[in-house]
Amino acid sequence: MLSALMALQVSGATPAAPPSPATFIPLSGSVVRVEVERAEGGLTLGTGVTIAPSVVVTNCHVMRDATTARISGSGMLWEVSAEVADTAHDVCFLRVPAWRGKPVVLGAADSLRLGQQVVALGFTGGTGISLTSGHVLALHALDATYVVESDTAFTSGASGGGLFDASGELVGLLTFRLRGSAGNYYSVPVEWIRNALPGDGQWAELAPQRGQRAFWQAEAAALPYFLQAPALDADGQWNALQVLAERWAADSPQDAEPLLVRGKALQMQNRPQAAVAAFLAALKLSPDDPIAWYGLALCYRSLGDDVAMHAAEAKLGTLSESLAETLKAGQAPMREAN
């Protein structure tokens, strides 16, 4: 929802050093191509990541219609013998008995921060493995952890590939792109992998999945709030966005994101005083959120409160030099930046 503003922040920042090939070239041996034979015929191609001896994890939407599957790694094909599917979270574990790829190190999506550099490894278009780098745009609270939104581009063939932090630890699986968007990519968090690693008695034969679809594939009204908000924002439905944000905040009282969304919706309705209250409430939960401070400064500017605006701008300068410069230059107010 507010990730376009975060994109403005990272694009205006001093470029980070490119990811070191010494870190990520070895990881490519743990990232495999997944080939799925579908019940109705044809192949689905995706990506998987080795996360334990003879265990690869991928997205369930890659495996959904599978009758048989294999992975391609180390120049050979390896048969998948069984799976464990968490369809709601779009996480599928594959047992590949003969595969001896090195497991990656599992990191933590919970430890990520806005603007942090991340790297995607996946089979672009289902062909060769590719590495792309980008930044964390947003962290969306869901089921006790965070879905990671980044500008780290990937294609459908890379679904199930790895999102890594700069040290090479796995923080998520490349999963989906925001509908109608060219720059918003989402990864399911590594915590959903770590917390569901299968035991010996859990494995089942491969078969087409008939159960619940992934959270991001639900009907519009059943999507998580953070996936409902962008459509309202794009259509300029500010009152509806405010109503959504208020319902979201009531359901997730410890989450700052709905308060940021509410602040933006109120600002766009020319209600800066109410927007200030929303941004201040967000800061009670996340005191160093640069987007909240940016929104506050804009609201104080529209209210003519120069003292409060300069105080907010000073705080913003300690958190995001690029956003502070944008604000000072009078560029891209929130109504345009989002």
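The values are calculated or read from the model by the stated rules, or taken from the named source; none is laboratory data. Quantities reported herein were computed from a predicted structural model and do not represent experimental measurements. Counting neighbours? That spans all protein chains shown, and the Cβs are built from the backbone with ideal geometry, glycine included. The area values use the complete protein model at the heavy-atom level, side chains included, leaving out ligands, DNA and RNA. Shrake-Rupley method; radii C 1.70, N 1.55, O 1.52, S 1.80 Å.
Miscellaneous remarks
- Solvent-accessible area, 1.4 Å probe, carbon plus sulfur percent, for the chain: 53 percent
- Under a 5 Å amide H cut-off, with hydrogens placed 1.01 Å from N, Gly172 pairs with Leu163, Val190 among residues at least 5 apart or on other chains.
- To the nearest ten degrees, helix 3-12 and the longest principal axis of the Cα atoms of the chain are 80 degrees apart.
- Between 0 and 90 degrees, the angle of helix 290-303 with respect to the longest Cα principal axis of the chain falls at about 30 degrees.
- 5 angstrom amide H check on Ala153, placed H, neighbours 5+ away: none
- Linear extension gain, Ser81 paired with Asp288, 0.36 nm per residue minus alpha-carbon span: 69.7 nm
- Mean silhouette area of segment 69-158, derived from the convex hull of its C-alpha atoms and averaged over all directions, reads 6.9 nm².
- For volume of the Cα convex hull per residue in Å³, calculated from these coordinates, the label among (i) 177; (ii) 163; (iii) 128: (iii)
- Helix axis angle, 257-268 relative to the chain longest principal axis, alpha carbon, degrees: 40 degrees
- In this calculation the C-beta distance from Lys328 to Leu280 is compared with R0 = 22 Å, giving a FRET efficiency of 0.50.
- Solvent-accessible area per residue for the chain (1.4 angstrom probe, square angstrom): 42 Å²
- In the chain, a dipole from Cβ-located charges (positive for Lys and Arg, negative for Asp and Glu) runs towards its positive end, and of Val80, Leu173, Leu43 it is Leu43 whose Cα lies farthest in that direction.
- Only one residue of Trp293, Gln212, Pro272 has its Cα farthest out toward the positive end of the dipole of segment 186-338, where Lys and Arg carry +1 and Asp and Glu -1 on Cβ, and that residue is Pro272.
- Whichever aspartates and glutamates have a C-alpha closer than 19 Å to that of Lys315, once near sequence neighbours (fewer than 8 apart) are set aside: Asp288, Asp289, Asp305, Asp306, Glu325
- Furthest towards positive pole of dipole, Phe123, Met63, Val148, structure part the chain, Cβ charges: Phe123
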